[in-house]
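A short worksheet on the structure shown next.
Read-outs throughout are calculated quantities, based only on the coordinates presented, and are distinct from any laboratory measurement. Every value quoted in this text rests on a predicted model; they were computed, and no experiment measured them. Virtual Cβ from ideal backbone geometry, glycine too; neighbours counted across all protein chains shown.
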Amino acid sequence: DAKTTQPNSMESNEEEPVHLPCNHSTISGTDYIHWYRQLPSQGPEYVIHGLTSNVNNRMASLAIAEDRKSSTLILHRATLRDAAVYYCILRDSEGGTSYGKLTFGQGTILTVHP
Amino acid sequence: DSGVTQTPKHLITATGQRVTLRCSPRSGDLSVYWYQQSLDQGLQFLIQYYNGEERAKGNILERFSAQQFPDLHSELNLSSLELGDSALYFCASSVATATEAFFGQGTRLTVV
């Protein structure tokens, strides 16, 4: 499985933007970049995913580098409810030996200060 | 609400026992994934089924087994339980391999 590298932790203030980086230098052409987050005592929650172009949804934006070797999850205005562990994951769209499984790393612990 | 239902929410059992965890995927989702999350290990992929067939296996112990039934619900069977099997077990489902996956709220298993 292609691996991702994320900072262990980041901090932000409420109502400020947050940029969560992810490096994935061994990404293949068929890998989608997925982001999930996990709040305490809850199951992981889908945030956003993309292939090559930047993506926006109601939760966040995903900025993907032109060479696809890195990406950034952008929370435009952090709230206290955004405090969670954020996971950047590569997901093979063609199945192959991984059949689309999500391999979680350690993720980034985001702390949001009031 | 993700649409993925896991039962039971909590389970306490003794060492050596066998338990069955159940997962109902979102309507229309053919893929089901099982994950284990313990305090010191993070989220570990166990096994994946697609439309009733096993498709991928992760770090699943031989004491553990799973299946996906014709109605697409899945069960994870854990036997000869040990204290170290205490963890949160999550099920996820997705329509296809490239689309988003939706996770249930998990089953918290405590082995005493």
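Applying the Karplus relation 6.51 cos²θ - 1.76 cosθ + 1.60 with θ = phi - 60° to the stretch B:69-82 yields 3J(HN,Hα) values of 8, x, 7, 6, 6, 10, 10, 10, 9, 10, 10, 6, 4, 10 Hz, where x marks Gly and Pro. Dividing the mean sequence gap of close Cα pairs (under 8 Å, 6+ apart) by how many residues chain B holds gives a relative contact order of 37 percent. Averaging 1/r across all pairs of distinct Cα atoms in chain B and inverting the result yields a Kirkwood radius of 13.8 Å. Working from label points 7 Å from Cα in the Cα-to-Cβ sense, the B:THR13 to B:SER27 distance is 3.1 nm. Within the shell of other residues whose beta carbon sits under 15 angstrom from the beta carbon of B:LYS9, the net charge comes to +1, with Lys and Arg scored +1 and Asp and Glu -1. Return the whole-Å distance between the Cα centroid of the stretch A:26-62 and the Cα centroid of the stretch B:6-37. The distance from the Cα centre of the stretch A:26-62 to that of the stretch B:6-37 comes to 24 Å. The value given for the stretch B:1-54 is a Kirkwood hydrodynamic radius of 13.1 Å, derived from the mean inverse Cα-Cα separation. A Förster distance of 22 Å, applied to the separation of the beta-carbon atoms of A:MET59 and B:ASN59, puts the FRET efficiency at 0.15.
Local charge for A:ALA60 was computed over the other residues whose Cβ lies under 11 Å away, with Lys and Arg +1 and Asp and Glu -1, and equals +2. Taking every alpha-carbon pair in the stretch B:53-106 and binning the separations at 10 Å intervals from zero gives 17, 52, 27, 4 percent.
Loop sites only, by DSSP: take the trypsin sites (Lys or Arg not before Pro) in chain B that have at most 14 other C-beta atoms within 10 Å and name the longest stretch containing none of them. Here the longest segment lacking exposed loop sites spans B:64-112. With the convex hull constructed from alpha-carbon coordinates only, the protein assembly as shown shows a mean projected area of 12.1 nm² over all directions. Volume per residue for chain A equals 93 cubic angstrom (convex hull of Cα atoms).
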